[in-house]
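S.K.: Have a look at this one before I ask anything.
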Amino acid sequence: MSHHVQRAITWGARRGAPRRIATLSVHTSPLHQPGTGDAGGMNVYIVELSKRLAALGIEVEIFTRATGSDLPPVVEMAPGVLVRHVTAGPYEGLSKEDLPAQLCAFTSGVLRTEAMRDPGHYDLVHSHYWLSGQVGWLAKERWGVPLVHTMHTMAKVKNASLAGGDAPEPRARVIGESQVVEAADRLVANTVEEADQLIDLYAAEPDQVAVVNPGVDLETFCPGDMAAARRRLDVPEDATVILFAGRIQPLKAPDVLLYAIAHLLQADPALRHSLVVAVVGGPSGNGMAAPEHLHKLAATLGIHDVVRFQRPVRQDVLADWYRAATVAVVPSYNESFGLVAIEAQACGTPVVAAAVGGLPTAVRDGVSGTLVRGHNPVDYGLALRDLIRAPRLREDYAEGAVRHAASFGWAAAAASMAEVYADTLARSAAPRGRVVGGQ
Ligand code: UDP
């Protein structure tokens, strides 16, 4: 018996937590580099949460679609955490929009894996994003275990605040999400606001929804020497650095930032010689169609000399970018939480963010940064100008930012999630027994 299983029994017996769970992440792998394509906050969330759950003694097996012929069927990502690659459709060239047609193949791979184990191998299924929820729904019924589901983003929410010209999410997704809400024993929302959206827009039962704030890796993302970080990144030590990090797509509104910079420079031309606007990340989603769009926009606005585009980087390098930044900007049209905002704050960097979705939870207005209503670039330019001109205020915000981020550790998130699992198992124990017994 492995050390992990032993600990799981001890902890699980005491707290009623699962010994082993199946985590479903159909459309993106926890082994992918976040910050481009379909890999972003959800990947970070699954990696960090799984590692911490395993440390609590809950073994995690993550199922994801294989996107290369050279991938081994199973990879040990961390002690107690396995990634299982499921073949479902061609390895390459499938977009997220093509995946609904592969859900049968994926489900069959998941069920086959479980069928080769002893009965009762998994105590619970946790699916992430609606595509995985569809698979989880079947696995739950087949295995007679509860389904916990996290949406990460929701079509109805996204469609209500689309960037100009962005394509709406299809009706099939809305239908699929509603089915998952109906099938799930428990829905985990990132914030109270997301919980309300599940209840108001998707008719979730209030006691079906639990709130678990995501976290930040406080070891990787911690304050450090700004000058040293700038040297490592080849940024002048006396620069004013404005940072955008994340997947480049209309939803994230990097264009709003570029327009804001144009306004800022118009109001304060002297800033130009010291300004560096770093855009760290790669094209994603609806931004894939025209990856050069942002470069062109910078040229059209006459600010290409101050904008520096960087390919996605590992999180330890991203931490340097946060430390090097004077201010980080998150102007998204919607964000279920906004990990970038919380990571920047953990590094002591004030954030200017849109007052949407989870960002008002992730950023404390007037304490760790500035929340801006709407997406008028003039307002973002003014918020940036106020912070750039006031080093004392930035220092105050930096302190507030570190304090605020400290309450979002992943260990706390994993402990809450383990409680949710235990509670879900306890609640479903009796009815589940009846269903299984009646078959
Ligand atoms: N990220 C990264 N490298 C990059 C850019 C981003 O590792 O070059 C990570 C970042 O640390 C964060 C995640 O990608 O954890 C983005 O999460 P967020 O919640 O901000 O946005 P999402 O991708 O979920 O829309």
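The values are calculated or read from the model by the stated rules, or taken from the named source; none is laboratory data. Here the structure is a predicted model, which means the values were calculated and not measured. With ideal geometry, Cβ positions are generated from the backbone for all residues, glycine too; neighbour counts draw on all protein chains shown.
S.K.: Scanning the stretch 369-384 for residues that are in a helix (DSSP H, G or I) and in contact with a helix residue (DSSP H, G or I) (Cβ under 6 Å, 6 or more places away or on another chain), which turns out surrounded by the fewest Cβ atoms within 10 Å (Cβ to Cβ)?
M.R.: V378
S.K.: Restricting attention to the stretch 357-383, which residues are out of contact with any His (no Cβ under 9 Å at 6 or more places or on another chain) and either of a type in the set (A, V, I, L, M) or not assigned by TED's automatic domain parsing to the domain that holds L258 (or both)?
M.R.: Within the stretch 357-383, L359, L371, V372, A383 meet the criteria.
S.K.: For residues in the stretch 263-284 being among the hydrophobic types (A, V, I, L, M, F, W, C) and not in a strand (DSSP E or B), which is farthest from the ligand (Cβ to nearest atom)?
M.R.: Filtering the stretch 263-284 for residues that are among the hydrophobic types (A, V, I, L, M, F, W, C) and not in a strand (DSSP E or B), the one farthest from the ligand (Cβ to nearest atom) comes out as A270.
S.K.: Let me ask another. What single numbered condition from (1) in contact with a Phe, Trp or Tyr (Cβ under 6 Å, 6 or more places away or on another chain); (2) in a loop (DSSP other than H, G, I, E, B); (3) not polar (S, T, N, Q) fails to hold for R84?
M.R.: (2)
S.K.: When you go through (1) modelled with pLDDT of 95 or more; (2) over 23 Å from L393 (Cα atoms); (3) not in a loop (DSSP other than H, G, I, E, B) one by one for V313, which number turns out not to apply?
M.R.: Failed condition: (3).
S.K.: Let me ask something else about it. Could you list, in sequence order, all residues of the stretch 302-338 that are charged (D, E, K, R) and either away from the ligand (no atom under 12 Å from the Cβ) or in contact with a His (Cβ under 8 Å, 6 or more places away or on another chain) (or both)?
M.R.: D305, R308, R323
S.K.: Of everything in the stretch 339-348, what is among the small types (G, A, S) and within 11 Å of the ligand (Cβ to nearest atom)? Give them in sequence order. Outline the logic, then answer.
M.R.: First pass over the stretch 339-348, keeping only residues among the small types (G, A, S): 341, 344, 346, 348.
Hits for the stretch 339-348 are A341, A344, A346.
S.K.: Which of (1) of a type outside the set (K, R); (2) in contact (Cβ under 8 Å) with a residue 40 or more places away in the chain; (3) assigned to a helix (DSSP H, G or I); (4) in contact with a helix residue (DSSP H, G or I) (Cβ under 9 Å, 6 or more places away or on another chain) is the odd one out, the single condition L138 does not satisfy?
M.R.: Of everything listed in (1) of a type outside the set (K, R); (2) in contact (Cβ under 8 Å) with a residue 40 or more places away in the chain; (3) assigned to a helix (DSSP H, G or I); (4) in contact with a helix residue (DSSP H, G or I) (Cβ under 9 Å, 6 or more places away or on another chain), L138 misses just condition (2).
S.K.: Could you grab the pairs with beta carbons closer than 8 Å, sequence gap of 6+ or different chains, first residue in the stretch 35-61 and closer than 23 Å to S284 by Cβ, second one within 9 Å of the ligand (Cβ to nearest atom) and among the aromatic types (F, W, Y)?
M.R.: From residues that are closer than 23 Å to S284 by Cβ, the pairs are G41/F337.
S.K.: Looking at F244 and the list (1) closer than 24 Å to L53 by Cα; (2) part of a strand (DSSP E or B); (3) among the aromatic types (F, W, Y), which single condition is not satisfied?
M.R.: F244 satisfies every listed condition except (1).
S.K.: Condition first: among the small types (G, A, S) and surrounded by fewer than 20 Cβ atoms within 10 Å (Cβ to Cβ). Can you find one or more residues in the stretch 315-330 that meet it?
M.R.: no
S.K.: Going through G281, G287 one at a time, which residue ends up being in the same structural domain as V356 (by TED's automatic domain parsing), touching a Gly at 6+ places or on another chain (Cβ under 6 Å), crowded, with 20+ Cβ neighbours inside 10 Å and not basic (K, R)? Write out each step before concluding.
M.R.: Details: G287 fails: touching a Gly at 6+ places or on another chain (Cβ under 6 Å).
Sole residue among the options that is in the same structural domain as V356 (by TED's automatic domain parsing), touching a Gly at 6+ places or on another chain (Cβ under 6 Å), crowded, with 20+ Cβ neighbours inside 10 Å and not basic (K, R): G281.
S.K.: Which one of A253, A260 is under 20 Å from L359 (Cβ atoms), buried (at least 23 other Cβ atoms within 10 Å of the Cβ), touching a residue at least 60 places away in the same chain (Cβ under 8 Å) and away from the ligand (no atom under 14 Å from the Cβ)?
M.R.: A260
S.K.: Quick check: is even one residue across the stretch 37-53 more than 16 Å from the ligand (Cβ to nearest atom) and surrounded by fewer than 24 Cβ atoms within 10 Å (Cβ to Cβ)?
M.R.: As a first pass, look at the stretch 37-53 and keep what is more than 16 Å from the ligand (Cβ to nearest atom): 53.
If we keep only those that are surrounded by fewer than 24 Cβ atoms within 10 Å (Cβ to Cβ) too, we end up with none.
Scanning the stretch 37-53 turns up no residue that is more than 16 Å from the ligand (Cβ to nearest atom) and surrounded by fewer than 24 Cβ atoms within 10 Å (Cβ to Cβ).
S.K.: Residue check: is R52 basic (K, R) and either touching a helix residue (DSSP H, G or I) at 6+ places or on another chain (Cβ under 6 Å) or part of a helix (DSSP H, G or I) (or both)?
M.R.: Working: basic (K, R): yes; either touching a helix residue (DSSP H, G or I) at 6+ places or on another chain (Cβ under 6 Å) or part of a helix (DSSP H, G or I) (or both): yes.
Yes; evaluated as a whole, the condition is true for this residue.
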